[in-house]
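Comments concern the structure below.
The values are calculated or read from the model by the stated rules, or taken from the named source; none is laboratory data. Remember, it's a predicted structure, so these values are computed and weren't measured experimentally. So basically every Cβ, Gly included, is an ideal-geometry build from the backbone, and we count neighbours across all protein chains shown. Side chains included, ligands, DNA and RNA excluded: accessible areas come from the protein's heavy atoms. Shrake-Rupley method; radii C 1.70, N 1.55, O 1.52, S 1.80 Å.
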Amino acid sequence: MKEIESFKLDHTQVIAPYIRHAGRLKGPVGDVVCKYDIRLIQPNVGAIPTSSLHTLEHLFAVYSRDYLEEEIIDISPMGCRTGFYLIIFGEKDVVEIQRIVIEILKRIIDTDKIPATTAKECGNYRDHSLFGAKEYAREVLEKYQGKKV
């Protein structure tokens, strides 16, 4: 069985919130693709409810492109519901990714609309919580205050 990078991470040693550079691949024509682990909630202690995580996913998808328009490949929630994986072309310093995530979390707190919430745009359009997304964004920002990467 092939080793998976995230399965090698000792989740008992993680102290969330944090961001880590979780992988770097070089493609056959020289493109560099990097993955970042954006951990919002403490693993095995908490998890973001699906409706809140789903809303965070929609908001991260839209807002992250304002900062990483050319680089972004995808930002997807983790199955354990403790954060997201960000995948980009090229490589950015973890501190820069943290700055972007903090800006996105601030924007989430100030937003009043969830993008793409119709049956045509979303595969589970009824399962959203803007209130929950804002509460988790607020909680993560409070924990980030004064914390270094």
Per the filter on the range 8-31, residues within 19 Å of Ile97 (Cβ to Cβ) and open to solvent by 30 Å² or more (accessible area, probe 1.4 Å) are Leu9, Ile15, Tyr18, Arg20, His21, Arg24, Leu25, Asp31
In the range 115-131, anything surrounded by 14 or more Cβ atoms within 10 Å (Cβ to Cβ) and either basic (Lys, Arg) or more than 24 Å from Ile88 (Cβ to Cβ) (or both) is listed as Thr117, Tyr125, Asp127, His128, Ser129, Leu130
Scanning the range 1-57 for residues that are assigned to a helix (DSSP H, G or I) and of a type in the set (Phe, Trp, Tyr) gives Phe7
Flagged in the range 73-109 as closer than 13 Å to Ile38 by Cβ, in a loop (DSSP other than H, G, I, E, B) and open to solvent by less than 30 Å² (accessible area, probe 1.4 Å), in numbering order, are Met78, Thr82
**Asked** Residue check: is Leu68 surrounded by 15 or more Cβ atoms within 10 Å (Cβ to Cβ), within 21 Å of Val14 (Cβ to Cβ) and within 15 Å of the chain's Cα centre (by Cα)?
**Response** no
Take Glu142 and decide whether it is outside any helix (DSSP H, G or I), closer than 22 Å to Tyr36 by Cα, of a type outside the set (Gly, Ala, Ser) and open to solvent by 80 Å² or more (accessible area, probe 1.4 Å). no
Going through the range 32-58 in order, the residues found to be open to solvent by less than 40 Å² (accessible area, probe 1.4 Å) and either within 10 Å of the chain's Cα centre (by Cα) or at positive phi (or both) are Tyr36, Asp37, Ile38, Arg39, Leu40, Leu53, Leu56
| task | Tell me, yes or no, whether the range 74-88 has at least one residue that is acidic (Asp, Glu) and over 14 Å from the mean Cα position of the chain (by Cα). | result | no
Residue pairs within 8 Å by beta carbon, gap of at least six or interchain, first lying in the range 128-145 and under 15 Å from Pro17 (Cα atoms), second open to solvent by 50 Å² or more (accessible area, probe 1.4 Å), listed first then second, are Ala137/Lys106; Leu141/Lys106
